[in-house]
Amino acid sequence: MQIRAARQHAGLSQLQLGERVGRDHKTISRWENAIRVPSLTDLLLIANALDVPLADLVR
């Protein structure tokens, strides 16, 4: 499961996830579209916000 799939599974929009992790929805979009790579800190925040294991986001 990657960021987009995990976010959709949680029923969140990019805006809602961005609010939970303190990032702009455009940043979420860039991560989901592989334009930018999130830092480890960002990945940990995303995993926590979506209640998924970190490993599921990076497979």
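Note on exposure: D42, D51, D24 ranked by accessible area (1.4 Å probe, complete protein assembly) read D51, D24, D42, with the most exposed listed first. On full extension, the segment bounded by R59 and E19 gains 12.0 nm, given 0.36 nm per residue less the C-alpha separation.
Pairs of alpha carbons in the chain separated by more than 20 Å make up 6% of all such pairs. Model label points for R30 and A10, set 7 angstrom from Cα along the Cα-to-Cβ axis, are 2.0 nm apart. Legend: residues T27, T41, sorted from most to least accessible area (1.4 Å probe; ligands, DNA and RNA excluded), read T41, T27. Ligands, DNA and RNA left out, the 1.4 Å accessible surface of the chain is 50% carbon and sulfur atoms.
The values are calculated or read from the model by the stated rules, or taken from the named source; none is laboratory data. This is a predicted model, so every value here is computed, not measured. All Cβ positions, even for glycine, are placed from backbone atoms using ideal geometry, and neighbour counts span all protein chains on display. Just so you know, the surface numbers come from the protein's heavy atoms only, side chains and all, with ligands and any DNA or RNA stripped out. Shrake-Rupley method; radii C 1.70, N 1.55, O 1.52, S 1.80 Å.
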